[in-house]
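The values are calculated or read from the model by the stated rules, or taken from the named source; none is laboratory data. Fair warning: this is a prediction, and the values are worked out from it, not measured in the lab. Because the Cβ atoms are built from the backbone with ideal geometry, glycine has one as well, and the counts that use them run over all protein chains shown.
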Amino acid sequence: MPGKQLLLKIWQWFDDRSGISKMLGPIMKHPVPPTGWAYVFGSATLFAFAIQVLTGIALATGYVSSAGQAYESLKWITNEAFMGRLLRGMHYFGASAMVLLVGIHMIRTFLTGSYKFPRELNWVVGVLLLLLTLLMGFTGQLLRWDQNGVWSTIVAAEQAGRAPFVGPAVARFLLGGQTVGGATLSRFFAYHVFFVPAVIFVMVALHLALVLRHGISEAPHRDRPVDPKTYRAWYHAMLEREGVPFWPDAAWRDVVFGVFVLACVVFLAWQFGPPTLGSPPDPTIIQAYPRPDWYLLWYFAVLAQLPPGTETFVIVGAPLFAGVCLFILPLVFNSGHRAPSRRPWAVASVLVIVAGVGSLWIEGERSPWSPDFDARRLAPMQVNSSDPQVILGATLFHDKGCEYCHTIAGSGGERGPNLSAIADRLTQQQITLTILNGAYNMPAFASSLKPEDLSALLAFLETRTGPKP
Ligand code: HEC
């Protein structure tokens, strides 16, 4: 067949001039230990990163990184640009997938002890990649340039500012000034689009080069601890005996799972679309309670619930401690058993961390510390009185915003105490003082309540007695 002949000739020419099969052949065919589905998460993370690069480039063609236009340009991308909604959705769910996969990949390498000799550096580079991934999520959120994004950044900069000595300088560097503004947006755009991805590319190359240098870690065995003196010789002998060519024997799983990840991202993006843009940022609205995207939300829950006074210690100390632990882990524990069944402490610490982050995440989702602006007015049945004063009081309880923070009869926010039986606990005078002077985390209402409003509120609160419904 002449067509086939021609194609073959073209390929031979290309291969001869480029040397591509000489270069890639050994990599594709190099022997690897037989592994299973647990080993697909690293390549899947890379796959998710590729989705991010491609959708990111597409989004960058329509996005304007100036404070005056960013929000509008995103609205245009979402609502009008060709496939814009799908692309934004894919970029969002791709980011979620990348964070999730990098986390699972890390847990897997930890549980199978793959970070031990001689793959210590691989782990260290991996930790850097985890940090860079989170940095991408954080900088990307500001590019949305809505209330949530802007306020989350302000909160983060405030935290950074608390670090001793370097704090203020770091915060200034982050924001490009004293507060979030056009300079911050330009900076975050540059980090998000040029700087951090460039570092990720280099680190990924290093990570993969190290995988090739040391080989994929074999599945751990109960009776075979790592001994740095003999491990390499043993590993190579094992490869001779049991190794399979990387392509296709091992890599087919990576391809299948990667395609599955892509399908999930496309499906979610198509089904749910990108995160809705909040209102445009307005620094005068301080009633914004910023909520970062889900993968950073758990950390927000930590911040929201710190007892006052411990903030600086926790905000600066905890991430530093966690980071140092992750970096030195492979240097301290580089030999010994790899099998999870021989490392109960390792398994237990993963369970504790996953459960801890999980419950913080649920707390973050509920965010009982932030006012519930959707709180509904109490129904007449819940007010349960025919006294016009009490009914007016109940209305004011909602209209003055008390209900955003206080629950009565099962309705309202949870930032302040439940007031369902407040009359049993406090005298009228105590209640009056709290309302007028405010309290810790409660604004003072002395200047915004007319005397008759106050008496109506008091009349209403006086009726709230008895067992909590
Ligand atoms: C921004 C949230 C917020 C708003 C709005 C708010 N409160 Fe509070 N309130 C709190 C918090 C938090 C406390 C607890 C303060 C403390 O523990 O010192 C509190 C305490 C109280 C208490 C004392 C409760 C106790 O068990 O000691 C009363 C009574 C009260 N608020 C009534 C009101 C009324 C009436 C309004 C509306 C006019 C209102 N609050 C608006 C957050 C709020």
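Out of the residues in the range 428-456 that are surrounded by fewer than 12 Cβ atoms within 10 Å (Cβ to Cβ) and more than 41 Å from the chain's Cα centre (by Cα), which is nearest to the ligand (Cβ to nearest atom)?
Q430
Give the residue that is farthest from Q382 (Cα to Cα), with candidates limited to residues of the range 399-418 that are part of a loop (DSSP other than H, G, I, E, B) and more than 6 Å from the ligand (Cβ to nearest atom).
Here the residue is E414.
Output the residues belonging to the range 160-177 that are small (G, A, S) and either part of a helix (DSSP H, G or I) or touching a residue at least 24 places away in the same chain (Cβ under 8 Å) (or both).
Passing the criteria: A160, G161, A163, G167, A169, A171.
Here are the criteria: (1) surrounded by 21 or more Cβ atoms within 10 Å (Cβ to Cβ); (2) within 23 Å of the chain's Cα centre (by Cα). Tell me which single one S114 does not satisfy.
Of the numbered conditions (1) surrounded by 21 or more Cβ atoms within 10 Å (Cβ to Cβ); (2) within 23 Å of the chain's Cα centre (by Cα), the odd one out for S114 is (2).
From the residues in the range 376-398 that are within 10 Å of the ligand (Cβ to nearest atom) and buried (at least 19 other Cβ atoms within 10 Å of the Cβ), which one is nearest to the chain's Cα centre (by Cα)?
F397
Checking G42 against (1) at pLDDT below 90; (2) in the same structural domain as M106 (by TED's automatic domain parsing), only one condition comes out false. Which one?
Unmet condition: (1).
Based on this model, can you work out whether V357 counts as assigned by TED's automatic domain parsing to the domain that holds L111, part of a helix (DSSP H, G or I) and more than 30 Å from F117 (Cβ to Cβ)?
No: the conditions fail for V357.
Do we find that I315 is part of a helix (DSSP H, G or I), of a type outside the set (F, W, Y), within 20 Å of the chain's Cα centre (by Cα) and not assigned by TED's automatic domain parsing to the domain that holds G413 in this structure?
Here the answer is yes, as I315 does meet what is asked.
Would you mind stating whether D424 is on the phi < 0 side of the Ramachandran plot, surrounded by 17 or more Cβ atoms within 10 Å (Cβ to Cβ), within 11 Å of the ligand (Cβ to nearest atom) and not assigned by TED's automatic domain parsing to the domain that holds F117?
Taking the combined requirement at face value, the residue does not satisfy it.
Please find, within the range 406-419, the residue that is farthest from P368 (Cα to Cα) out of those that are surrounded by 18 or more Cβ atoms within 10 Å (Cβ to Cβ) and in contact with a His (Cβ under 9 Å, 6 or more places away or on another chain).
Among those that are surrounded by 18 or more Cβ atoms within 10 Å (Cβ to Cβ) and in contact with a His (Cβ under 9 Å, 6 or more places away or on another chain), it is L419.
Does the range 119-128 contain at least one residue that is within 19 Å of I315 (Cβ to Cβ), touching a residue at least 12 places away in the same chain (Cβ under 8 Å) and either among the hydroxyl-bearing types (S, T, Y) or in the same structural domain as L326 (by TED's automatic domain parsing) (or both)?
no
Which pairs do you get when a residue that is assigned to a helix (DSSP H, G or I), found in the range 238-252, comes within reach of a residue that is surrounded by fewer than 17 Cβ atoms within 10 Å (Cβ to Cβ) and among the charged types (D, E, K, R), reach meaning Cβ atoms under 9 angstrom, with the pair 6+ apart or on two chains?
Note: pairs meeting the criteria are F246/K29; W247/K29.
Of the numbered conditions (1) in contact with a Ser or Thr (Cβ under 8 Å, 6 or more places away or on another chain); (2) buried (at least 16 other Cβ atoms within 10 Å of the Cβ), S66 satisfies every one except a single condition; which is it?
Unmet for S66, out of (1) in contact with a Ser or Thr (Cβ under 8 Å, 6 or more places away or on another chain); (2) buried (at least 16 other Cβ atoms within 10 Å of the Cβ): (2).
Please work out which one of (1) within 28 Å of the chain's Cα centre (by Cα); (2) exposed (fewer than 15 other Cβ atoms within 10 Å of the Cβ); (3) not in a helix (DSSP H, G or I) is the condition V180 fails and give its number.
Just one mismatch for V180, condition (2).
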